[in-house]
1. Quick one: compute the contact order of the stretch 194-284, relative version, from alpha carbon pairs under 8 angstrom and 6+ residues apart, as a percent.
2. Among M122, M160, M230, M166, which comes first, then next, by fewest other beta-carbon atoms within 10 Å?
3. Which value, in nm² and rounded to one decimal, describes the direction-averaged projected area of the C-alpha convex hull of the stretch 79-121?
4. Could the peptides 103-114, 177-188 be put in order, highest first, of the mean number of other beta-carbon atoms found within 10 Å of their residues?
5. Within the set of other residues whose C-beta is less than 10 Å from the C-beta of Y223, count the net charge using Lys and Arg as +1 and Asp and Glu as -1.
6. Indicate the gyration tensor shape class of the stretch 76-175 (rounded, prolate or oblate), computed on the Cα atoms with a ≥ b ≥ c the square roots of the eigenvalues: a/c under 1.5 is rounded; otherwise a/b larger than b/c is prolate and the rest oblate.
7. Rounded if a/c is under 1.5, else prolate if a/b is larger than b/c, else oblate: which is the stretch 127-283, with a ≥ b ≥ c the root eigenvalues of its Cα gyration tensor?
Amino acid sequence: MRMTLLALVATLSLIVVGCGDGTTGTAGTGGSAGTGGSAGMGGSAGMGGSAGMGGMAGAGGMGGMAGAGGMAGAGGMGGGVALLPKSCLEIWNDDSNSPDGDYVIDPDGLGGSDPFMIPCDMMNGGWSVVSEETFEDGTATGWSDNTVDTASDCAIPVDMAPFGYMLGGIDIFGPGDVATETSKTYDLLSIPHAQARVQLDYIVLDSWDDEDAIVTLGGTTVYSETFNYMSAAANICGYMYADHGTQPVNEFVDHSSATVDVEITSTLMGDANFGVQNVRIAVK
Ligand SMILES: [Ca+2]
Ligand SMILES: [Ca+2]
């Protein structure tokens, strides 16, 4: 009789302990393991919820919480990415009153390359600006000749010089100088487009004798102007000859391929120079 009571107490104790284990999820204490099993069922319910969403459902492993995670995923992060414009032109086409500024675009659509921010020239009809170079920091990269004038009286002192730092310049670009021309190939960032544009300041210095300043874009000559130092107003800097100075170039061509070449050159035969500032490349 006493043994039986002790056995009963022991059995009850086991049951109590078993139930406790089940609640905390600890495994292997007799019948209470069944409770643990049902907790697992809760987990599978969570997976069911995530299954509805497809994508980010991987959180399912966490059990019931996964259901909530799946719902959050349903919020449509994926949908938002899919709606990103592929170019500034696409934004401009949707709203031609969009202001100039930086916009996030995703040229290859959902997946693939990540979206990125780019300056959009909206005032001129939705150009995606893929590159802007001023050479103000005294360096240039990617040109066939990257020499920047940081020494002549055209370039320094920086705050007082007539032009400031420029790609090329006095004793750098011209016959007998460091280079007679410079060129660069621009990656157009996979942006779908039908036209490419170049804007730059061509700096005409010293004794040009009816010789031409030339810019080519995508193999097409888009700018060709003849200069003679005797028609220039004044000697600005460099050698003693009068200088025509800054000549703005703003041209575009039909273009659709992935890269575009820009070449800045001249027909100079004698001792004159040129430089370049404010190069801006855009597509639409
Ligand atoms: Ca993409
Ligand atoms: Ca001069």
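We did not get these values from a lab; they are worked out from the coordinates using the rules stated. This is a predicted model, so every value here is computed, not measured. As a convention, Cβ positions derive from the backbone with ideal geometry for all residues, glycine included, and neighbour counts pool all protein chains shown.
1. Dividing the mean separation by the residue count of the stretch 194-284 yields 48 percent.
2. Neighbour counts put them in this order, fewest first: M160, M230, M122, M166.
3. One quarter of the hull surface, i.e. the mean projection, equals 2.8 nm².
4. 177-188, 103-114
5. -3
6. prolate
7. prolate
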